[in-house]
Amino acid sequence: MAESPEIRSRIKHLLVDALHLEGLVPLEIADDAPLFGEGLGLDSVDALELVVALEKEFGVRIQSHEVGKEAFASVRTLAAFIDGRLAAAGNPNAGS
Amino acid sequence: MPGADPETGTARTVVVTGLGAVSPLGWSLESLWEGLRAGLTAVGPFDRFDHSGHRTHIAAQVDLASEPRRARRRWKARRVSNADRFAVAAARAAVARSAIDPGGCRERTGVYFGSSTGGMFESETYLETLLAAAGGRGRPPAASLLASQQNNGPGDAVARDLGISGPAQTVSAACASGAMAIGDAILAVRRGEVDVAIAGGSDSLCRLTYAGFNALRSVDERPCRPFRRDRAGLSLGEGAAALVLEPLERAMARGARPLVLAAGEAATCDAHHMTSPHPEGRGAAEAIRGALADARLDPLEIDFVNAHGTGTPLNDAAECAALVAVFGDRTTDLPVTSTKSLVGHLLGSAGALEAVATILCLLHGEVHPMPDDGMSDPGIPLRLVLGRPLRLARARHALSTSLAFGGANAALVFTRHGDHDAAR
Amino acid sequence: MTGLGTIGPCGHGREALAAALAVGKPAVAEVDRGAGLHREGGARTAALVGERDLSRFIAPAAARRMSFPSKLAVAAARMALAEAGIGATEAGGPRVGVYLSTTFGSGQFTELLLRQVLLEGAEAAQPFYFSECVANAPAAQLAIAVGARGPNVMLTQRESGPLLAVGRAAQAVREGRVDRALAGAVEEVTPLLHALLDRFGALARPEGARPEMPRPFDRRRDGFLAGEGATILVLEREDAARARGAPALARIGWSGAAFDSTADVSDWGDGHVPLAAALRAGLGEVPGGVAGIGAVVSGASGARRGDRIEARVLRAAWDGAALPPLLVPKAVTGEYGGGILAPGLLALEGARFGPTPGFVEPDPEIDVTPHRGAALRAPARVLLTGLASGGGAAWLVLERTS
């Protein structure tokens with residue numbers, strides 16, 4: 001399933017804004033770069049912050065147990081996860 | 001040793017001569033002990049504020065309606081927060097039990113308290129009204145409605161109530177505040193800065209911490225189950241606890257009965273992360289070792305542990321790692337309990353309430369249980385006291401630990417009086 | 001004391017502060033009253049940190065989740081460590097403790113979180129804000145920044161907090177609990193805090209068209225100037241400092257604390273007698289007693305009752321002897337912030353203090369006149385005072401080492 005580039009782009013902007021990643025240009029975040037640990041080096045608080053931001057931005061609900069797992073590994077996996085959520089909710093914003 | 005006489009190296013022995021507590025289990029020490037023995041959690045539905053928008057709907061609240069009537073009459077309606085109320089009640093009970101006369105030693109009595117949010121609950125109500133007024137809805141609140149807002153409120157209220165003129169300080173170190181306050185008091189008495197120290201902590205439920213811990217997804221929807229396999233977070237509680245500390249010689253000279261020795265204390269910091277503990281509990285292990293060294297005890301001599309035990313997956317694992325690091329093979333044999341399983345996490349007063357619980361266990365020769373709820377975690381090889389109190393009639397030395405948000409750690413060691421080696 | 005870092009309304013570092021104190025000019029700025037929380041006709045100014053970019057002290061990756069007070073504390077500490085000649089790799093360890101004080105903690109983040117909870121609902125609460133809402137966040141951030149694994153203490157004792165924190169830190173070093181301590185104070189003054197202080201009547205009031213002015217010890221004083229900032233000291237044993245070849249800026253002498261139980265929860269009381277007794281007893285341990293104090297760096301701020309009890313305590317402690325020069329830095333820097341720690345060191349170093357701004361006429365009730373700007377001989381010893389609203393009290397003596 002190919003998630004839309006638009007969702008990936010929104011997520012990148014969200015990362016920079018919600019997590020105060022000053023100096024980082026959203027477009028420069030690689031789709032497959034690890035978000036946690038290495039790569040962007042985000043931590044558990046960032047994960048929760050991200051969830052609040054994602055819930056607000058996309059109108060989805062994310063359960064505690066889903067946070068920080070495979071879905072959150074990279075921008076690409078996150079976008080696929082969001083896309084899946086939107087499709088399940090019958091949201092026209094979902095990618096094809 | 002901190003507080004020791006620089007010439008002889010010996011330090012005054014510090015004893016606890018009074019205890020007091022206000023908790024979700026009641027306004028008295030007796031109701032606290034009864035509740036602890038029964039091992040039933042006080043965490044449940046609560047109505048202090050609207051929590052309908054949260055993921056969780058439980059906490060352990062103090063029954064405000066049960067506040068002793070005498071005390072209620074004495075308060076002016078304004079300027080008193082719940083946290084102040086709890087603190088003063090606990091301190092008065094401790095002083096009454098110790099039978100000291102604060103008026104007779106005002107300038108030689110100090111107050112060492114801990115609080116993480118002081119009068120925040122009352123301030124939230126004030127702020128809500130102020131924000132509404134700024135938005136054109138209603139009039140601004142009267143300044144008099146703002147109860148003592150800062151974290152020094154409860155400690156100052158205790159000092160004011162007792163009329164003391166010695167030092168009064170409040171430490172605000174999140175979940176380690178109460179234990180650190182007691183630690184500071186022990187040092188103050190040892191070095192002769194004061195002859196009597198009233199030490200403790202107080203915190204009340206408030207929207208800030210309830211929302212904050214929920215935002216961190218650290219709160220369990222069910223009453224917390226520290227160290228258990230399916231633990232899913234902490235439960236919030238409120239209350240206050242206080243101890244009266246003085247030099248052993250002074251207590252004996254005035255015919256008071258020391259309850260326990262405040263044998264050792266230590267405080268460290270993980271310096272690791274703002275919300276997560278060091279995964280191996282490094283700072284906690286250092287605090288435990290420090291308190292044991294301060295008490296001149298070997299780990300083998302500790303009879304039971306009152307753990308920090310919040311019920312959050314990471315904290316419990318880190319604390320377990322710390323206990324294993326210090327106690328080694330003995331860990332599987334050393335009884336461990338967590339008072340938070342019964343009264344929730346009292347934040348700034350947790351360390352103080354748990355010190356009181358530890359002392360009560362020593363005095364009664366029983367370790368209070370945690371509810372026998374959930375499954376044991378193979379990764380947590382601790383000997384948990386579950387379901388029923390564990391009779392330890394000959395328990396002499398006990399350890400109480402506090403691992404705070406932000407990384408501060410504190411450990412306290414108490415020893416039953418009469419078991420203390422006079423030569424130390 | 002081998003290092004001191006300070007960031008405040010007068011700028012970054014001691015030189016900027018010294019320049020402002022020499023002239024006697026309060027460092028005030030207009031407070032943003034756009035949120036509509038301020039009282040009509042109330043105070044409009046505070047002593048605010050102007051240069052808020054602290055990136056030369058803290059890398060962006062580390063700073064991104066820090067509240068302003070945390071940044072202030074870390075920046076001031078790095079300044080102090082640099083002066084003490086302590087490199088990043090040696091700054092931490094289990095024998096380094098942190099002893100700070102704050103009155104309000106992280107005002108901005110607490111307010112933002114509360115606004116989310118109160119106005120938007122529970123689920124809008126951002127975890128990012130909460131981790132900095134605990135009062136000890138700056139102390140925790142400082143510990144992480146330098147790797148300080150000894151005791152991590154944040155005291156909240158209002159205006160007496162800074163001196164209390166330094167006193168406790170000095171005790172810890174002396175008693176061998178730690179080898180080194182980072183001690184001091186940090187405060188942030190947000191528009192909401194300013195509005196609340198004004199609603200309480202704590203702040204100096206505007207005089208018609210003229211903006212408000214704190215008037216320490218003056219007959220017409222009616223409140224203080226709120227100020228933000230941070231001051232952190234590096235404390236270590238004198239012999240260890242000497243062995244390192246580190247500068248000994250000052251020796252921490254006697255420190256003491258007491259409580260005035262006549263004080264109401266947000267005001268000063270009338271209990272100067274026991275406070276003076278505690279001060280006098282403490283100064284009795286200082287060589288020369290009160291006569292050994294070359295200058296008092298007073299915590300007076302223009303608060304009506306605060307200055308009164310401060311004056312009475314000093315008069316009673318000096319017991320008829322003439323008071324030494326009374327320096328009042330809070331007339332320039334405002335109340336809170338890094339307290340009077342940095343001005344205290346400057347006074348010991350013989351820095352020039354200008355006339356006390358705002359002071360025009362003594363109050364006959366207390367009859368104390370603060371420093372008028374004359375040049376002073378560098379004192380061998382200064383007494384710093386900090387009487388808090390609510391009743392707390394702390395004092396600290398700084399001594400020359402040479």
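A rounded overall shape is assigned to segment A:5-88, the ratio a/c of its alpha-carbon gyration tensor axes (a ≥ b ≥ c) being less than 1.5. Report the Rg/Rh value for segment B:108-152, based on alpha-carbon coordinates and the Kirkwood definition of Rh. Reported Rg/Rh (Cα atoms, Kirkwood Rh): 1.20. Could you grab the relative contact order for segment B:264-400? Cα pairs under 8 Å, six or more apart, rounded to a whole percent. About 27 percent, as a whole number.
The helix-only estimate of mean residue ellipticity at 222 nm for chain C, built from DSSP H runs of length n ≥ 4 each weighted as -39500 (n - 2.57), is -8500 deg cm²/dmol after division by the residue total. Only the Cβ atoms of Lys and Arg (+1) and of Asp and Glu (-1) were treated as charged; on that basis the dipole of segment C:3-244 about its Cα centre amounts to roughly 400 debye. Qualifying GluC sites (Glu not before Pro) in segment C:284-376, where qualification requires a DSSP coil assignment and no more than 12 other C-beta atoms within 10 Å, comprise C:E285, C:E365.
Legend: ranking of residues B:D101, B:D47 from fewest to most surrounding C-beta atoms inside 10 Å; resulting order B:D47, B:D101.
With neighbour counts taken as other beta-carbon atoms within 10 Å, the residues A:H13, C:H272, B:H417, A:H20 rank, fewest first, as A:H13, A:H20, B:H417, C:H272. Taking other Cβ atoms within 10 Å as a rough exposure proxy, B:R257, B:R217, C:R158, C:R400 sort from fewest to most as B:R257, C:R400, B:R217, C:R158.
Considering only B:Q169, C:P324, B:L346, the residue lying farthest towards the positive end of the dipole of the protein assembly as shown is C:P324, judged by Cα position with unit charges set on Cβ. Model label points for C:E238 and B:A253, set 7 angstrom from Cα along the Cα-to-Cβ axis, are 3.2 nm apart. Of the trypsin sites (Lys or Arg not before Pro) in segment C:353-396, the ones in a loop by DSSP (not H, G, I, E or B) with at most 16 other beta carbons within 10 Å are C:R372, C:R377. To the nearest 0.05, what FRET efficiency results for C:D267 and A:L24 with a Förster distance of 51 Å applied to their C-beta separation? E between C:D267 and A:L24, to the nearest 0.05, is 0.55. Using R₀ = 45 Å, calculate the FRET efficiency as 1/(1 + (r/R₀)^6) where r is the Cβ-Cβ separation of B:F49 and C:E51; round to 0.05. FRET efficiency, B:F49 to C:E51: 0.65.
Of all beta bridges that DSSP places with both ends in chain C, some 60 percent have antiparallel geometry. Take the Kirkwood radius over Cα pairs of segment B:14-416, plug it into Stokes-Einstein at 25 °C and 0.890 mPa s, and you get 119 µm²/s for translational diffusion.
Note on chain C: with a GNM built from Cα contacts shorter than 10 Å, the maximum mean-square fluctuation among C:T89, C:T110, C:T369 falls on C:T89.
Quotient of the Cα radius of gyration of chain C and 2.2 N^0.38 Å, N being its number of residues: 0.93. Mean projected area of the Cα convex hull of the protein assembly as shown, taken over all directions, amounts to 36.6 nm². Near A:K69, which aspartates and glutamates are there with a Cα under 14 Å away, not counting those fewer than 8 places off in the same chain? Qualifying aspartates and glutamates at Cα under 14 Å: A:D43, A:D46. If I model a spin label as a point 7 Å beyond the Cα along the Cα-Cβ vector, how far apart are those points for A:E66 and B:D329 in nm? It works out to 4.9 nm between the two label points. Computed from point charges on the beta carbon alone (+1 for Lys and Arg, -1 for Asp and Glu), the dipole magnitude for chain B about its Cα centre is near 1140 Debye. For the pair C:R220 and B:S376, what calculated FRET efficiency results from E = 1/(1 + (r/R0)^6), where r is the Cβ-Cβ distance and R0 = 51 Å, to the nearest 0.05? The calculated FRET efficiency here is 0.10.
Using C-alpha pairs under 8 Å with a sequence gap of at least 6, the mean separation divided by the residue count of chain C gives a relative contact order of 23 percent. Size of segment C:89-222 from its Cα atoms: along the principal axes, largest to smallest, the extents are 55, 49, 22 Å. Subtracting the Cα-Cα distance of C:E120 and C:D367 from their residue separation scaled by 0.36 nm leaves 83.6 nm. Estimated from helical segments only, the mean residue ellipticity of chain B at 222 nm is -9500 deg cm²/dmol, where each DSSP H run of four or more residues counts as -39500 (n - 2.57). Candidates C:G34, C:A59, C:L72 compared by Cα position along the dipole of segment C:23-86: farthest toward the positive end lies C:A59, with charges placed on Cβ.
Values of log10 I(q)/I(0) for segment C:251-399 across q = 0.18 Å⁻¹ run -1.05, by the Debye formula with one identical scatterer at each alpha carbon and no solvent. Each of B:R137 and A:D17 was given a label point 7 Å from its Cα along the Cα-to-Cβ line. The distance between the two points is 2.6 nm. Toward the positive end of the charge dipole of segment B:14-416, with +1 on the Cβ of Lys and Arg and -1 on the Cβ of Asp and Glu, the farthest Cα among B:L412, B:A287, B:G365 is that of B:G365. Excluding B:F46 itself, what net charge comes from residues whose Cβ is under 13 Å from its Cβ, given Lys and Arg +1 and Asp and Glu -1? Net charge in that neighbourhood comes out at -2. Shape of segment B:109-259 from its Cα gyration tensor (a ≥ b ≥ c, root eigenvalues): rounded if a/c is under 1.5, otherwise prolate when a/b > b/c, or oblate? In terms of gyration-tensor shape, oblate.
Here the dipole of segment A:5-88 is about 300 debye; that uses its Cα centre as origin and unit charges on the Cβ of Lys and Arg (positive) and Asp and Glu (negative). The value of relative contact order for segment B:176-263, using C-alpha pairs under 8 Å at least six residues apart, is 32 percent.
Since every read-out is calculated from the coordinates, none of them should be taken as a lab result. In this text, all values refer to a predicted model and were calculated from it rather than measured experimentally. Backbone-built Cβ (ideal geometry, glycine too); neighbour counts: all protein chains shown.
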